[in-house]
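Asker: What follows is a structure written as structure tokens; I'll ask about it next.
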Amino acid sequence: MAKSTDIRCAGAELYFLPVETRVPLKFGSETLTSVTCARVRVRVEGRSGDWAEGWGETPLSVTWVWPSELAYDLRHEAMRAFCILLAKAWSGFNEAGHPLEIGHDFMEGELPQLLQAFNESRAEASMPWLAALVCCSLFDIAVHDAYGNLHGLNIYGAYGEEFMSRDLSAFLSASSDSVRSFQNAFPADFLRKPAGSLPAWHLVGGLDPVGCDELSGKEPDDEYPVELSDWISRDGLKCLKIKLRGNDSRWDYERLVKVGQVARVGGVESLSADFNCMVTDPEYVTEILDRLEAEQPLTFRMLIYVEQPFPYDLERHPIEVSAVSERKPLFLDESAHDWKLVKMGRDLGWTGVALKTCKTQTGALLSGCWAEAHGMKLMVQDLTNPMLAQIPHVLLAAHVNTIRGVESNSMQFYPDASRLEERVHPGLYRRRNGMLSLESIKGSGFGYRQDEINRPLPDSVVQY
């Protein structure tokens, strides 16, 4: 049944913002030294003819979403081109409803066809679904923001029955052992009252120096730390996520040991291990975990979860992973495109889900609700989100029941990119005492306070 609060999309203006890293960031077999942030301003109209605008932004992290031997530039240009195509498609999408309903209908009905036609029009290798989702996410985020702006609400106050025509059973199907029903349930029923601050996870990248013996002398000489112990000291870090190789067990084990030692000296409390989708046999992970437990029990106890060791295409690689999750909670990340794949992962032995706004606000909420109803643990993971992209990312973590806080690492790799946003939101772009503060997020939509940030933008690449 239609609601008087329903909206429809009525226009989109797309921008590309280039960002350079201060230090390289390794993803799998590739290294990131720059990124394009795609930003959109979406216009929506209400049923009475009133209108509002909303903003969405996502880094087009090519190496994460599209691992391939295809040249980086070809993949990067393909993602930019797909964003341009999506700007037209979202502007002409006439379905009316709540942002979650609109986002779901677009991703289920329009996006697969758009991606198929896009791939058929190109001679190079096909763009994967994860890349398409990331391109789509900024538009979806902007529609949620615009809805909140139109109705003068923080968007997290608009995920209940008062605003939605469809309950969660229209989007999700529960397994027989679900602890909660989706009938007459809405996202608001699975969200929590947000805390004013969150523990922040620091990323220990594969190229990051851990100890002075790993310094090359070529590190940037600026106001920011380089070596891990300096980061821990400056930011009061309590949580470290350790990037591993996934194809070199000796290096991975020694990395865990070394980071664990530095972490304990610095007062860090929690660790996680990210094997970067490179593992194909669970025994690779279980042998490392068992050795760690036997030889480094303190570090083993600090390790509170393991993230996505196995290839992200779960349907092509349906690996039974209970041997790993029996030792430590095991979180889907790249594999968790939507709740259906979360369900498949749970059936294979995965016990947690890492949510990301870069796979759409709509998808993150729906996957989070499905996981909560089935007793799975949650985390909110970063895509090294700078500028506006940081705010929906942190707000999601504040409203879902994460295992601990939120990953946030843009201040490590391109801190200067967010200088203007940091002036308005100082607690979101600098970690203090191991925490991020959400106190500055105010107003409607995602509470960006965009007018106060007043970032100069390049010329739009397309406007509808």
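Asker: In segment 108-141, what count of residues is obtained for those that are polar (S, T, N, Q) and closer than 21 Å to residue 171 by Cα? Before the answer, list the steps.
Answerer: Going through segment 108-141, the residues polar (S, T, N, Q) turn out to be 113, 116, 119, 121, 126, 137.
Now drop any that are not closer than 21 Å to residue 171 by Cα, which leaves 113, 137.
Total meeting the criteria: 2.
Asker: How many residues, within segment 186-240, are without any contact (Cβ under 8 Å) to a residue 24 or more places away in the chain, assigned to a loop (DSSP other than H, G, I, E, B) and among the hydrophobic types (A, V, I, L, M, F, W, C)? Write out each step before concluding.
Answerer: Step one: filter segment 186-240 for residues without any contact (Cβ under 8 Å) to a residue 24 or more places away in the chain, giving 193, 209, 212-218, 221, 223, 225, 227, 230, 234.
Next cut, assigned to a loop (DSSP other than H, G, I, E, B) only: 193, 209, 215-218, 221, 223, 225, 227.
So of that shortlist, the ones also among the hydrophobic types (A, V, I, L, M, F, W, C) come out as 215.
Final tally of qualifying residues: 1.
Asker: Need the failing condition index for residue 340 against (1) surrounded by 21 or more Cβ atoms within 10 Å (Cβ to Cβ); (2) within 24 Å of residue 99 (Cβ to Cβ), just the number.
Answerer: Residue 340 satisfies all of (1) surrounded by 21 or more Cβ atoms within 10 Å (Cβ to Cβ); (2) within 24 Å of residue 99 (Cβ to Cβ) except (1).
Asker: For residue 187, are the conditions met, namely being buried (at least 17 other Cβ atoms within 10 Å of the Cβ), within 19 Å of the chain's Cα centre (by Cα), at pLDDT 95 or above and closer than 21 Å to residue 243 by Cα?
Answerer: Numbers: buried (at least 17 other Cβ atoms within 10 Å of the Cβ): yes; within 19 Å of the chain's Cα centre (by Cα): yes; at pLDDT 95 or above: yes; closer than 21 Å to residue 243 by Cα: no.
Taking the combined requirement at face value, the residue does not satisfy it.
Asker: Being in contact with a strand residue (DSSP E or B) (Cβ under 9 Å, 6 or more places away or on another chain) and either buried (at least 24 other Cβ atoms within 10 Å of the Cβ) or not in a helix (DSSP H, G or I) (or both): is that true of residue 417 here? Lay out the reasoning, then the answer.
Answerer: On the way: in contact with a strand residue (DSSP E or B) (Cβ under 9 Å, 6 or more places away or on another chain): yes; either buried (at least 24 other Cβ atoms within 10 Å of the Cβ) or not in a helix (DSSP H, G or I) (or both): yes.
So residue 417 fits the description; yes.
Asker: Going through 85, 133 one at a time, which residue ends up being of a type in the set (A, V, I, L, M, F, W, C), crowded, with 20+ Cβ neighbours inside 10 Å and farther than 16 Å from residue 54 by Cβ? If you could, list the steps in order and put the result at the bottom.
Answerer: Working: 85 fails: crowded, with 20+ Cβ neighbours inside 10 Å.
From the options 85, 133, the qualifying one is 133.
Asker: I need the full set of residues from segment 160-188 which are of a type outside the set (Gly, Ala, Ser) and closer than 13 Å to residue 366 by Cβ, in order please. Walk me through how you get there before you give the answer.
Answerer: We begin by selecting, within segment 160-188, every residue of a type outside the set (Gly, Ala, Ser); these are 161-164, 166-168, 171-172, 177, 179-180, 182-184, 186-187.
If the condition is that a residue be of a type outside the set (Gly, Ala, Ser) and closer than 13 Å to residue 366 by Cβ, then 164, 166, 167, 168, 171, 172, 182, 186, 187 are the ones that fit.
Asker: I'd like to know if segment 200-220 contains one or more residues that are among the basic types (Lys, Arg) and within 22 Å of residue 106 (Cβ to Cβ). Write out each step before concluding.
Answerer: To start, the set of residues in segment 200-220 that are among the basic types (Lys, Arg) comprises 218.
Keeping just the survivors that are within 22 Å of residue 106 (Cβ to Cβ) gives none.
No, every residue in segment 200-220 fails to be among the basic types (Lys, Arg) and within 22 Å of residue 106 (Cβ to Cβ).
Asker: Filter segment 373-413 down to the residues that are assigned to a loop (DSSP other than H, G, I, E, B), of a type in the set (D, E, K, R) and crowded, with 24+ Cβ neighbours inside 10 Å and list them by number.
Answerer: 382 - this is the single residue of segment 373-413 that is assigned to a loop (DSSP other than H, G, I, E, B), of a type in the set (D, E, K, R) and crowded, with 24+ Cβ neighbours inside 10 Å.
Asker: Against the definition (among the polar types (S, T, N, Q) and out of contact with any strand residue (DSSP E or B) (no Cβ under 7 Å at 6 or more places or on another chain)), how does residue 34 come out, yes or no?
Answerer: On the way: among the polar types (S, T, N, Q): yes; out of contact with any strand residue (DSSP E or B) (no Cβ under 7 Å at 6 or more places or on another chain): no.
Answer is no for this residue.
Asker: Going by the conditions given, is residue 335 surrounded by 24 or more Cβ atoms within 10 Å (Cβ to Cβ) and under 17 Å from residue 170 (Cα atoms)?
Answerer: Values: surrounded by 24 or more Cβ atoms within 10 Å (Cβ to Cβ): yes; under 17 Å from residue 170 (Cα atoms): no.
Judged against the criteria, residue 335 is not a match.
Asker: If the requirement is being acidic (Asp, Glu), in contact (Cβ under 8 Å) with a residue 24 or more places away in the chain and not assigned by TED's automatic domain parsing to the domain that holds residue 92, which of these qualifies: 124, 161? Walk me through how you get there before you give the answer.
Answerer: Values: 124 fails: not assigned by TED's automatic domain parsing to the domain that holds residue 92.
Unique residue meeting the criteria: 161.
Let's see how each residue does on (1) modelled with pLDDT under 95; (2) hydrophobic (A, V, I, L, M, F, W, C):
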| site | (1), (2) |
| --- | --- |
| 393 | no, no |
| 404 | no, no |
| 413 | yes, yes |
| 418 | no, no |
| 424 | no, yes |
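Asker: Check segment 245-253 and report whether any residue there is part of a loop (DSSP other than H, G, I, E, B), within 30 Å of residue 441 (Cα to Cα) and not charged (D, E, K, R).
Answerer: First, pick out the residues of segment 245-253 that are part of a loop (DSSP other than H, G, I, E, B): 245-248.
Still in the list and also within 30 Å of residue 441 (Cα to Cα): none.
So far as segment 245-253 goes, no, none of its residues is part of a loop (DSSP other than H, G, I, E, B), within 30 Å of residue 441 (Cα to Cα) and not charged (D, E, K, R).
The values are calculated or read from the model by the stated rules, or taken from the named source; none is laboratory data. Being a predicted model, the structure only gives us computed values, none of them experimental. No Cβ is skipped: glycine too gets one built from the backbone with ideal geometry, and neighbour counts run over all protein chains shown.
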